[in-house]
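The values are calculated or read from the model by the stated rules, or taken from the named source; none is laboratory data. Bear in mind the structure is a predicted one, so any value in this text is a computation, not a measurement. Backbone-built Cβ (ideal geometry, glycine too); neighbour counts: all protein chains shown. SASA here: full protein model, heavy atoms, side chains in, ligands and nucleic acids out. Shrake-Rupley method; radii C 1.70, N 1.55, O 1.52, S 1.80 Å.
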Amino acid sequence: MTGMRSPSQPLHIIGAGLAGSEAAWQVANSGIGVVLHEMRPGRMTEAHRTDGLAELVCSNSFRSDDAANNAVGLLHAEMRRLGSLIMRAADANQVPAGGALAVDRDGFSAAVTKALHEHPLIEIRRAEIAGLPPADWRNVIVATGPLTSAPLADAIGALTGEDALAFFDAIAPIVHRDSIDMSIAWFQSRYDKVGPGGTGADYINCPMTQQQYEGFVEALLAGEKTDFKDWETNTPYFDGCLPIEVMAERGRETLRHGPMKPVGLANPRQPAVKAYAIVQLRQDNKLGTLYNMVGFQTKLKHGAQQRVFRGIPGLQQAEFARLGGLHRNTFLNSPKLLDAQLRLRAQPRLRFAGQMTGCEGYVESAGIGLIAGLFAAAEARAEVLVPPPATTALGALLGHITGGHIETIDAGPRSFQPMNINFGLFPPLATPPTRKPDGSRLRGNEKSVAKKQAISARALADLDRWIADGLPVPAAA
Ligand SMILES: Cc1cc2nc3c(=O)[nH]c(=O)nc-3n(C[C@H](O)[C@H](O)[C@H](O)COP(=O)(O)OP(=O)(O)OC[C@H]3O[C@@H](n4cnc5c(N)ncnc54)[C@H](O)[C@@H]3O)c2cc1C
């Protein structure tokens with residue numbers, strides 16, 4: 001139990017990104033007043049472009065929406081069951097993207113902004129919190145993200161006595177659709193997969209011969225890169241968002257097995273000729289006028305990007321709505337610094353959410369925002385919320401962040417690294433499936449598919465039980 005605090009005292013949330021917006025929604029729907037502090041547009045980050053809440057700074061994809069076979073799809077499903085605003089806005093603004101849930105970024109952000117503005121229990125204040133929050137804010141969620149402004153980051157660093165860990169993220173370029181040469185490129189989703197709102201022909205594909213691919217890799221390696229500042233030189237990359245030229249440095253064939261893999265795609269103009277490599281572009285806005293280069297996050301200088309990327313067949317005349325960029329990222333050593341309710345041990349009035357806690361990705365950040373909001377709302381009512389079971393996607397992610405007492409996590413608290421949700425974070429099944437419903441034995445890959453499906457089914461059943469056991473589920477507004 002926590003102190004006797006009046007629910008009439010507002011809860012302060014700093015940062016209205018993916019996590020802060022979701023947290024504010026959850027808290028307000030629990031009947032508690034929220035002051036949501038957002039520094040944009042008065043002060044921008046290196047990656048945000050707008051004053052919209054929950055702005056997506058890079059890709060417009062929420063990744064797979066397959067709740068039965070994919071861990072992030074499962075997280076989507078759990079968040080929907082908990083009345084997530086981020087999922088509601090994503091579902092309402094989806095654009096075709098094969099098996100993925102991708103969104104019109106402006107429509108998505110506008111929907112989140114509108115919902116929060118219109119909520120009677122939420123006040124939005126546009127100002128930077130430039131240091132530790134005032135001492136009389138007794139229940140605070142800090143959700144300022146990987147690009148937390150320096151005065152606040154420094155104050156948190158001083159409070160924890162730790163240097164925040166840092167790594168690099170890079171963002172991918174966006175191209176105007178009408179500048180792509182469709183006499184060379186074609187529409188197709190990998191394996192013609194039809195996803196939410198998709199048609200099976202949602203990506204633009206630019207094919208390369210072996211010679212073109214080799215020339216492209218050469219040009220990437222030779223392209224001028226952004227200089228590092230002294231303090232940045234030893235900062236490692238996070239593998240999930242490696243710049244394309246860093247991937248190319250790892251081996252000439254690396255890209256062909258990564259973002260440029262040619263499998264599951266066939267050029268309708270030359271069905272018998274197999275492309276050696278393929279660059280894919282995914283729809284970025286509802287109008288279908290902008291496409292982002294999938295997996296092409298980069299730290300090449302702008303001039304080099306235009307030159308090198310216009311060497312891709314189909315993109316010779318490409319006009320870029322945004323070029324790629326490189327940004328530093330920070331996160332807390334959460335297993336050491338945070339308690340099981342995401343509060344800072346050194347100052348429990350401060351609770352953390354989103355990417356700063358060491359999860360990775362839009363959906364994960366929003367998911368941790370959702371849980372932080374429910375924890376904080378319970379605390380405002382002088383109650384304690386039992387965390388979601390470790391068998392759920394939300395619980396597994398929380399377990400990773402707050403200590404990882406699940407045996408399958410290989411990175412212990414001392415080597416804590418940010419992570420996307422994945423099936424490796426879930427406790428093993430007591431009895432892994434060995435047979436199909438008809439009684440015949442599962443073989444090869446069938447076993448791993450059946451295992452994922454069993455973990456997902458267990459997660460949703462356990463989440464429903466957790467909700468039924470007394471969690472106040474926010475009413476859909
Ligand atoms: C360059 C880059 C590219 C990324 N690309 C992807 C991607 O493609 N796909 C993906 O899934 N994830 C990506 N991520 C990772 C992560 O999912 C996103 O950063 C996500 O937005 C994190 O959510 P968040 O709520 O923690 O932070 P944010 O969404 O960044 O929200 C934090 C908010 O806090 C505000 N703020 C910061 N400091 C203060 C302050 N002192 N006072 C008041 N407000 C403040 C900011 O303006 C911002 O609105 C990327 C991260 C970076 C840095």
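When we screen PHE296, PHE352 for residues that are within 16 Å of the ligand (Cβ to nearest atom), within 25 Å of the chain's Cα centre (by Cα) and more than 24 Å from ARG256 (Cα to Cα), the only hit is PHE352.
In the range 156-212, the residue that is least open to solvent (accessible area, probe 1.4 Å) out of those that are of a type in the set (Gly, Ala, Ser) and modelled with pLDDT of 95 or more is ALA185.
Being hydroxyl-bearing (Ser, Thr, Tyr) and at pLDDT 95 or above is a property that TYR237 lacks.
Results for (1) without any contact (Cβ under 8 Å) to a residue 12 or more places away in the chain; (2) closer than 30 Å to LEU394 by Cα, shown as yes or no for each residue.
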{"site": "VAL273", "(1), (2)": "yes, no"}
{"site": "LYS301", "(1), (2)": "no, no"}
{"site": "GLN306", "(1), (2)": "no, no"}
{"site": "THR330", "(1), (2)": "no, yes"}
{"site": "LEU337", "(1), (2)": "no, yes"}
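Out of the range 1-23, which residues are over 18 Å from the mean Cα position of the chain (by Cα) and modelled with pLDDT of 95 or more?
Answer for the range 1-23, where residues must be over 18 Å from the mean Cα position of the chain (by Cα) and modelled with pLDDT of 95 or more: LEU11, HIS12, ILE13, ILE14.
Can you find a residue that is among the hydrophobic types (A, V, I, L, M, F, W, C), within 15 Å of the ligand (Cβ to nearest atom) and crowded, with 22+ Cβ neighbours inside 10 Å anywhere in the range 304-317? No - not one qualifying residue is present in the range 304-317. Considering the range 133-155, the residues that are of a type outside the set (A, V, I, L, M) and more than 14 Å from the ligand (Cβ to nearest atom) include one that is least open to solvent (accessible area, probe 1.4 Å), namely ASN139.
Filtering the range 281-296 to residues that are modelled with pLDDT under 90, assigned to a loop (DSSP other than H, G, I, E, B) and open to solvent by 10 Å² or more (accessible area, probe 1.4 Å) leaves ASN285, LYS286, LEU287, GLY288, THR289.
Among the candidates ARG322, ARG307, the residue that is out of contact with any strand residue (DSSP E or B) (no Cβ under 7 Å at 6 or more places or on another chain) and of a type in the set (Lys, Arg) is uniquely ARG307.
Within the range 297-340, the residues that satisfy the criterion of being of a type outside the set (A, V, I, L, M, F, W, C), part of a helix (DSSP H, G or I) and over 29 Å from SER149 (Cα atoms) are GLN306, ARG307.
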